[in-house]
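Notes follow once the structure below has been shown.
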Amino acid sequence: LLLTWLALPLSALAALLIGALLILAFGANPITGYHALLSGAFGGSYSLASTAQKAVPLLLVAVGICIAVRASAWNIGGEGQIVTGALASTATALALPNLPAFVLIPLVVVVAAAGGAFWAGIAGFFKAYFNVNEILSTIMLNLVAVQVMNYLLSGPMINKSQSFAITGSIPQTRLLSTNSWLPTIVSGTQLNLGVVVAVAVAIAGYFLLWRTGFGFRIRAVGLSRDAAAYAGIPVKRTIMSAMVLSGACCGIAGAVLVFGSISHRMVTDGSLTGFTGNDGFNGIVVALFGGLNPLWSILSAYLFGGLLVGGTSMQGVIGVPTDLVTTIEGLVVIFVVSIDYLRVRFRIQEEAQRLGQDKEGAPGGPGRPGRSMLMKLARARP
Amino acid sequence: MSAFFTYAILTATIASAIQYATPFLLAALGETLGQRSGVLNLGVDGIMLMGAFSCYYVALETGSDLLGIVVGILMSVTLRAQQGISGIGVYIFGLGMSDLLFVRFVGTPLPVNPLPTVDIPLLSKIPALGRMFFQQNLLIYLAFVLVPALAFVLYHTNFGTKVLAVGENPAAADSVGINVTRTRYATVILGCSMAGLAGATLLLLDGIFQENLTQSAGFIAVALVYFGAWRPAGVMSGSLLYGVVTAVVLQWKSLGIIPTSAADLAATAPAVITILALVALAGRFKQPAALGKPYVRGA
């Protein structure tokens, strides 16, 4: 039991220790480095607000991941869904610049959710009805979404009034109308309405998963497709809906990235992560670290937001590139999943000993590594 | 369009299609081996990145491509990956780590020498075919030789039989004394070394390392394994299709058949084709029964 509660902090600690070794390998002082990281992320109200701001898209994606993975659909397409959500909502805001803010802002959020939901729905449809591996299809859809974005932002949606004769024009849209800007909620910082939206979505996600029949069906399908089907749950429709909802959350993250940005327009540099800042992948890490629970993901998103914001300060102080943060994140995922797997092994051995019988040769395995975490969390209501 | 159908352009396109196909082929063959033993390794892309960087660094320091390739493979092997979502962890790790090392040890990107092409005697003199198939570099020949080699290993050796048994029914394999864990480690280590080699190939075709060099090529390789129905020959045809589509799109772009404004859209072609192929082929072929399931005795 102790192992269960310590698993997440332990894996974070292990990842940070390896990170410290890497900083040493760079010839820098890890203590100075982590101190710079901490003060950059959590020192002072401005840093705290920047961290919260960075955490918003992470949290939205993470809630989406929680919903999809609870139905045992690994939505790796956060990146693509962020992009389609952002594109749809940006196009809407550009077309209707004169709507009052209290209409326009809810509208763009809904449109963004629809954009993300559509993109995830494609993968969900193929998974549910054609049994296409969703990890692969969502990755492919990411690649397609990014190219479509590059096409639109450097073609039909480009800001035609920019005059960079020498450097060439930047792939970006016109300045969005001020009616669509997310209002700042703490003056003097960049903290805007997006935070409220994200936390509301997380709470809604929690209620959906544990307080509604639909959420129950999602979790039932995630635990066992066969058992759920036997109980009369429409398995295919549930998987499809979970993916659509998951994409909707990621789409909203896209809207927050555009309408809550400093430049107040949609900009990319043409690369895969130029617009999203890898939030679609980081959100997966956040969700896993939050135990696939939307409420714990709030804390988890804030911590990882701090890691990302602080990473930049660390780069400034000790000159270790922010890629270190990416590396640490990768390690966190590996450790969290491995510890979970070891726990299953450990429990089975214990059980076998208690029963005093040799269970060798029993068919089947315990399913994917992530599954056991699901089982644990589904049984004990958080 | 008529500019495309000339002897010189067509042969050059096919020749470059084979080059584009090679990294996918190598990575996908390695993944095929792993999946046949039941291990779904989604970290291929991260491993390719590490392989590519290690190769780049060593080649830059020593001037020897060959040594670079060897170190690239060794580096990838130490990263041998786990299943499913932890593969995504390996990917994120490789993505960050390769660039971290790049900034730390290299900083300014310098090109390395591409591998020299080796003309195969006699065969390279055949008109058209010679230009297309027999004037390539060694890694490309190696990749295509590995196709029948892997098929032979899987279907005609003791080791191959063990791999297939472990992938279909690990409990049964265990009961007849096959060491499931060791077999899976072996396939994953071999598979990762092939992914590392794929990264090295990609690097030596470009000649320079950059952040996220692979551009998700590793994930496409995993998709190609499904596409090829877990058979080496099928995987090869998938890789070649991918290579041809990539080469044709690039060629059309440079000939102006595709307007530059639509070039970004045309670049989605390989990914779209992969999705459609996954849908079309889904369920036609049986996947290894124990794919993606960790084996725990007595579970």
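Just for helices (runs of 4 or more DSSP H) wholly inside region B:192-273: which have at least 2 residues that are of a type outside the set (Phe, Trp, Tyr) and open to solvent by less than 10 Å² (accessible area, probe 1.4 Å)? It would help to see each step written out before you state the result.
Numbers: elements: B:217-227, B:232-255, B:263-266.
Ranges flagged: B:217-227, B:232-255.
Based on this model, can you work out whether A:THR173 counts as over 27 Å from the mean Cα position of the chain (by Cα), modelled with pLDDT of 80 or more and more than 10 Å from every other protein chain (Cβ to nearest Cβ)? No; evaluated as a whole, the condition is false for this residue. Which is out of contact with any His (no Cβ under 8 Å at 6 or more places or on another chain), at the interface with chain B (Cβ under 7 Å from one of its Cβ atoms) and either part of a helix (DSSP H, G or I) or open to solvent by 10 Å² or more (accessible area, probe 1.4 Å) (or both), of A:LEU152, A:LEU136, A:LEU104? None of the others qualify; the one that does is A:LEU136.
Among residues of region B:170-188 that are open to solvent by 40 Å² or more (accessible area, probe 1.4 Å), those with a Cβ under 6 angstrom from a residue that is modelled with pLDDT under 85 and among the small types (Gly, Ala, Ser), sequence gap 6+ or separate chain, pair up as B:SER175/A:GLY361. Looking across region A:182-235, the residues that are of a type outside the set (S, T, N, Q), open to solvent by less than 40 Å² (accessible area, probe 1.4 Å) and in contact with a strand residue (DSSP E or B) (Cβ under 7 Å, 6 or more places away or on another chain) come down to A:LEU182, A:LEU191. With respect to the stated conditions, A:THR268 fails to be buried (at least 24 other Cβ atoms within 10 Å of the Cβ) and within 20 Å of the chain's Cα centre (by Cα).
Residue by residue, here is whether (1) at pLDDT 80 or above; (2) in contact with a helix residue (DSSP H, G or I) (Cβ under 9 Å, 6 or more places away or on another chain) holds:
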residue	(1), (2)
B:TYR7	no, no
B:ALA28	yes, yes
B:THR32	yes, yes
B:GLN35	yes, yes
B:VAL44	yes, yes
B:CYS55	no, yes
B:LEU60	no, yes
B:PRO116	no, yes
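Summed over region B:12-27, residues that are open to solvent by less than 10 Å² (accessible area, probe 1.4 Å) and either farther than 26 Å from B:PHE285 by Cβ or within 12 Å of chain A (Cβ to nearest Cβ) (or both) total 2.
If I ask for residues that are within 16 Å of A:PHE275 (Cβ to Cβ) and not charged (D, E, K, R), which ones from region A:51-77 would you list?
Within region A:51-77, the subset within 16 Å of A:PHE275 (Cβ to Cβ) is A:54, A:56-58, A:60-61, A:77.
Correct list: A:VAL56, A:PRO57, A:LEU58, A:LEU60, A:VAL61, A:GLY77.
The C-beta contact set for region A:163-184 (first residue of a type in the set (Ser, Thr, Tyr), second residue at pLDDT 80 or above and assigned to a loop (DSSP other than H, G, I, E, B), distance under 6 angstrom, 6+ apart or interchain) comprises A:THR173/A:ARG265; A:THR173/A:MET266; A:SER177/A:PRO97. Comparison of A:ALA242, A:ALA228 shows that the only residue that is more than 28 Å from A:ILE262 (Cα to Cα) and modelled with pLDDT under 95 is A:ALA228.
Residue by residue, here is whether (1) open to solvent by less than 50 Å² (accessible area, probe 1.4 Å); (2) at pLDDT below 85; (3) in a helix (DSSP H, G or I) holds:
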site: A:SER11; (1), (2), (3): yes, yes, yes
site: A:LEU17; (1), (2), (3): no, no, yes
site: A:LEU48; (1), (2), (3): no, no, yes
site: A:ALA73; (1), (2), (3): yes, no, no
site: A:THR92; (1), (2), (3): yes, no, yes
site: A:VAL109; (1), (2), (3): yes, no, yes
site: A:ALA113; (1), (2), (3): yes, no, yes
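Does at least one position in region A:266-276 carry a residue that is modelled with pLDDT of 85 or more, in contact with a Leu (Cβ under 7 Å, 6 or more places away or on another chain) and away from chain B (no Cβ under 14 Å)? Yes: one or more hits. Restricting attention to region A:19-36, the residues that are in contact with a helix residue (DSSP H, G or I) (Cβ under 8 Å, 6 or more places away or on another chain), open to solvent by 40 Å² or more (accessible area, probe 1.4 Å) and assigned to a loop (DSSP other than H, G, I, E, B) total 2.
The values are calculated or read from the model by the stated rules, or taken from the named source; none is laboratory data. Keep in mind that what you see is a predicted model, and the values were worked out from it rather than measured. Please note: Cβ atoms are built from the backbone with ideal geometry, for glycine as well, and neighbour counts cover all protein chains shown. Heads up: the accessible areas ignore ligands, DNA and RNA and are worked out on the full protein's heavy atoms, side chains in. Shrake-Rupley method; radii C 1.70, N 1.55, O 1.52, S 1.80 Å.
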